[in-house]
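As C-alpha cells, the structure follows; a few thoughts come after it.
The values are calculated or read from the model by the stated rules, or taken from the named source; none is laboratory data. The structure displayed is predicted, hence computed values, not measured ones. Note: ideal-geometry Cβ built from the backbone for every residue, glycine included; neighbour counts use all protein chains shown. When the accessible area is computed, the model is the full protein with side chains, heavy atoms only, and any ligands, DNA or RNA have been set aside. Shrake-Rupley method; radii C 1.70, N 1.55, O 1.52, S 1.80 Å.
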Amino acid sequence: MPNNLEGKVAIVTGAGRGIGRGVARLMAEEGASVVVCDLGGNVDGSGADVSVAQQVVNEITEAGGKAVACTESVVSMEGGEQIVQTAIDNFGRLDIVVTCAGILRDRMVFNMTEQEWDDVIAVHLKGTFTVVKNACILFRQQRSGRVITFSSESGLVGNSGQANYGAAKSGIAGFTKVVAKDMGRYGVTANAIAPRATTRMIGSIPDSAAEIRARGGVASISDSSGDDNLRDLDPDAVAPFVCYLASDYAANVNGQTFLVYGDTISLVSQPRPERAIWTETGHWEMDELSDRARNYLTAGIPNPAPAQQQ
C-alpha cells in the first residue's frame, strides 16, 4: 500500500534506533515527511550522540524521502514544544505523532532508587505527554491528527524488576485512552501499541534479572506468553501497523491498545469487570464477605509470583 501517508507530516520520538527507526523509515517510504527525534543517548538515558538522528535522516533522504533531525529532549515541556515546532518550521504542518522514546533502569522494587524511578517516568510517561500535549493544540485547531503511543506488556500485565518502567507504560496506556476521548470530537485518534521486538532495551536486561525471576518462580513476559522469544523478533515488524494507524484507513480506530510483534497483531481487551459479588444488606460483614470472596470472587485466580520455601 504505497504512499498511504502522502502529504502528511510525522514526528517520531526515539527514532534513531530500534522500533522508532523502523517507523520513521517506513513512514517516509509511505510518503510522509518525518521529524526524526532522538538524543542519541544510551539505554539508561545517559550520554548523547546527535549523529544518531541524522544518520536516519540520511538514510531516508538517500532513498528519496523527506526528513529532518531533532535532538530536543522529551522530558521538558519546552522540549516537547520545540519538537512540534520543528515539524512546523520545516514542513509547515503536523499530522502524526509517534512516541517511541524510552529508557530502562531495571531493578527489583526494594532496591530501586528515587532517581531510577524519576528518570524512567520522565522519559516514558512525561515524555509522551510533552509531545502529545503540544501536538494536540494544533490537532484541535485543524480538527485532524493521529497519536500513536507506546505502552508495554510490562505495564499491562507486569514484569518483575520493572516497577518504574511498568508504571510508566501502564500510565501511557491510560493516558492514551483519555487523549482518545478528549480529542475524538476534533477528528483526532489516539491508540497505543505494546510491542515485542529485539532492541537495545531488551538486550540491556541483565541475565541476573532473568535468574532472579526464575529463582522466585516468576515467569518473564516472553516465557509466559507462549509465543516467540523477544530476542528473535525484528523491530521493523512493528512499523507497518503504526503506519496503518496513522493512515486514513484507521480514521475510526480510537482509544485502543494493540499487541504487535513478528507476523502477529492482536487487539488487547479493555479492562472490564469479570465477576462480582454483592450483598442484599448494603454493607458487608466480614464472615459473609470472606466466604463469598474465597469461594467465588477470588477462586481459581493464579498467583503470578507464589511464595517460595526458605
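Per the Debye formula with a single identical scatterer at each Cα and no solvent contribution, what log10 I(q)/I(0) holds for the range 56-203 at q = 0.19, 0.21 Å⁻¹? After summing over all Cα pairs, the log10 values are -1.18, -1.31. Looking at the chain alone, DSSP beta bridges between its own residues are antiparallel in about 10 percent of cases. Of the residues Val109, Val74, Val97, the one that moves most in a GNM of the chain with alpha-carbon contacts below 10 Å is Val109. The charge dipole of the range 111-177, taken about its Cα centre with unit charges on the Cβ atoms of Lys, Arg (+1), Asp and Glu (-1) only, comes to about 620 debye.
Placing unit charges on each Cβ (+1 for Lys and Arg, -1 for Asp and Glu) gives the chain a dipole about its Cα centre, and among Asn254, Val268, Ala305 the Cα reaching farthest toward its positive end belongs to Asn254. Taking K and R as +1 and D and E as -1, what net charge do the other residues with C-beta under 12 Å from the C-beta of Ala239 add up to? Counting the neighbours of Ala239, the net charge comes to -2. Computed about its Cα centre, the charge dipole of the chain is approximately 620 debye, with only Lys, Arg, Asp and Glu carrying charge at their Cβ. Rounded to the nearest 20 debye, the dipole size of the range 1-104 about its Cα centre is 180 debye, using +1 on the Cβ of Lys and Arg and -1 on the Cβ of Asp and Glu.
Shown for the range 28-186: lysine pairs separated by 8 or more places, or found on different chains, whose C-alpha atoms are under 21 Å apart, numbering 8. For the range 255-267, putting each phi into the Karplus relation 6.51 cos²θ - 1.76 cosθ + 1.60 with θ = phi - 60° gives couplings of x, 10, 10, 10, 8, 10, 6, x, 9, 10, 10, 10, 7 Hz, in residue order, rounded to whole numbers and with x for Gly and Pro.
Would you please classify the overall shape of the chain from the alpha carbon gyration tensor, given that a ≥ b ≥ c denote the square roots of the eigenvalues, rounded means a/c under 1.5, and beyond that prolate means a/b larger than b/c while oblate covers the rest?
Details: a/c = 2.05, a/b = 1.54, b/c = 1.33.
Cα axes put the chain in the prolate bin.
Taking 0.36 nm per residue of separation and subtracting the Cα-Cα distance, full extension of the segment from Lys133 to Ala299 would add 55.5 nm.
In the neighborhood of Thr71, defined by Cβ-to-Cβ distances under 12 Å, what is the net charge if each Lys or Arg adds +1 and each Asp or Glu adds -1? Mind dumping the intermediate values first?
Values: positive: none; negative: Asp38, Asp49, Glu72.
Residues close to Thr71 contribute a combined charge of -3.
Averaged over residues, the count of other Cβ atoms within 10 Å places the peptides 164-174, 283-293, 111-121, 12-22 in the sequence 12-22, 164-174, 111-121, 283-293, highest first. Modelled spin labels at Asp248 and Glu78, positioned 7 Å past Cα toward Cβ, are 4.1 nm from each other. Each other residue within a Cβ distance under 14 Å of Ser144 adds +1 if Lys or Arg and -1 if Asp or Glu, for a net charge of +4. Placing pseudo-labels 7 Å out from each Cα toward the beta carbon at Leu289 and Gln309 gives an inter-label distance of 3.5 nm. Think of a 1.4 Å ball rolled over the protein heavy atoms: the range 12-126 then has 43 Å² of accessible area per residue.
Using mean Cβ contacts within 10 Å as the protection proxy, how do 129-136, 303-310, 241-248 order, highest first?
Numbers: 129-136: 22.6, 303-310: 8.0, 241-248: 21.0.
Packing proxy ranking, top to bottom: 129-136, 241-248, 303-310.
Among the complete DSSP H segments of the chain, which ones combine at least 27 Å of alpha-carbon extent along their axis with a mean Kyte-Doolittle hydropathy of -0.5 or more?
On the way: long enough: 163-183 (29 Å, 0.19).
Answer set is 163-183.
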